[in-house]
Structure formats: structure tokens, C-alpha cells
Amino acid sequence: MPRVGETIENPAMGARLRFRRIASEAAGSVLEFDFFLAPGGVIAVDHLHPHQEERFEVVSGAVRGHVAGEPQALGAGGISVVAPGVPHAWRNAADGETHLRVQFRPALATAEMFEAVFALARAGRADASGVPRFPERLAFLAAFPDELRPAGMPAVTHRVLTRALAPFGRRLRRSQSMPRRK
């Protein structure tokens with residue numbers, strides 16, 4: 001379970017995230033965090049959030065990407081608001097580190113989702129962009145079906161896949177919330 005002020009890292013992505021507000025202290029209404037991304041870093045492959053609005057402000061640096069297929073570029077002070085169910089992707093377009101202030105409404109289990117993907121990356125179970133490798137990627141999607149869906153995956157396929165893989169998703173969530181034994 002994340003804590004306010006806690007920072008997690010995804011070395012493959014070149015990212016770190018510092019929690020500012022979490023679901024448990026905001027009655028589940030919002031998750032807010034600072035997101036720092038190294039030059040050339042990709043925030044995520046094309047994806048959508050089925051039930052959440054994602055909003056971010058560029059505090060410093062710049063991002064380039066797309067929302068609903070429309071190209072976008074934002075510099076310091078720029079704001080993006082992505083409605084639930086809208087495909088999007090972003091990358092750092094600055095020569096230095098980019099700092100974003102991000103909010104998800106409602107929070108759902110998004111903080112736990114980030115903790116899981118960052119932990120998999122730190123454990124070497126992610127690809128070069130910091131995204132979980134197969135088969136962990138499928139278990140990851142099953143663990144967080146309300147928070148994330150690949151943009152190219154039809155909703156019915158996502159629903160069938162996440163239901164079929166639900167036991168693996170639950171195991172992934174449990175394994176990420178418990179300390180690993182050496």
C-alpha cells in the first residue's frame with residue numbers, strides 16, 4: 001500500500017513517482033503524484049483508463065504524444081485532461097528530465113497498479129520501456145482491469161482475458177504487496 005511522500009522507481013522506463021495524495025486519504029476520489037521522466041523516456045504504450053479521468057500538468061520539461069489519435073505537445077504549464085475510455089500515450093520530449101503533476105479520478109487501485117509495474121521493472125521482469133514482459137503483462141492486465149486497458153484491445157476481449165487470468169492477477173497483486181524473501 002503506497003504512502004504519501006513515498007517515491008518508487010522504474011529504472012527501465014527512466015521514471016520515478018512520488019505520491020502526493022492517495023485514495024485512502026481522499027475517500028477514493030483522487031490519486032495525485034509527481035512523475036519524473038528521463039530524457040527520451042516513454043510514459044506508456046497506447047492505453048486507456050476505462051473508468052477514470054487522467055489529468056496532468058507539465059511542471060517542467062515537455063511531453064509529446066497523442067490523445068484520441070490527435071497529436072499533442074505540451075511544455076511547462078501545459079495541461080492535458082483525458083476522459084475515461086480515450087486512448088492516449090506520451091513521451092518525454094525535453095532534453096532534460098520532465099516533471100508532471102498527475103491526477104486520476106477516481107483513484108481506484110491505480111497507486112497499487114504503479115507499485116506493481118515499477119516493482120516488476122526493478123525485479124528485471126519488464127521490457128526496455130519498463131512495461132511488464134509476458135506472461136507477467138497478462139497477469140498485470142488481469143490484476144488491474146478497471147484501471148488500464150491496451151488501446152488496441154477491444155473491451156470484450158479485455159473482459160474475457162482478465163476474467164480468465166483473474167487468479168494470476170490476484171497472485172501478482174498479493175506478491176507485490178508482500179516483501180520478497182531472499
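The values are calculated or read from the model by the stated rules, or taken from the named source; none is laboratory data. Note that this is a predicted model, so its numbers are computed, not measured. Don't worry about glycine lacking a Cβ; one is built from the backbone with ideal geometry, like all the others, and counts go over all protein chains shown. Note: areas computed on protein heavy atoms with side chains; ligands, DNA, RNA excluded. Shrake-Rupley method; radii C 1.70, N 1.55, O 1.52, S 1.80 Å.
From the list 67, 45, the lone residue that is open to solvent by 70 Å² or more (accessible area, probe 1.4 Å), within 22 Å of residue 154 (Cβ to Cβ) and touching a strand residue (DSSP E or B) at 6+ places or on another chain (Cβ under 8 Å) is 45.
Filtered by the rule that a residue be farther than 17 Å from residue 31 by Cα and either touching a residue at least 60 places away in the same chain (Cβ under 8 Å) or open to solvent by less than 30 Å² (accessible area, probe 1.4 Å) (or both), region 75-92 gives 78, 87, 88, 89, 90, 92. Filtering region 93-103 to residues that are surrounded by fewer than 23 Cβ atoms within 10 Å (Cβ to Cβ) and among the hydrophobic types (A, V, I, L, M, F, W, C) leaves 93, 94, 102. All of (1) surrounded by fewer than 16 Cβ atoms within 10 Å (Cβ to Cβ); (2) touching a Gly at 6+ places or on another chain (Cβ under 9 Å) hold for residue 141 with one exception: (1). Given the structure, is residue 67 under 15 Å from residue 97 (Cβ atoms), out of contact with any Gly (no Cβ under 6 Å at 6 or more places or on another chain) and not aromatic (Phe, Trp, Tyr)? The answer is no for residue 67.
Looking only at residues in region 48-64 that are open to solvent by less than 60 Å² (accessible area, probe 1.4 Å) and assigned to a strand (DSSP E or B), the one that is modelled with the lowest pLDDT is 48.
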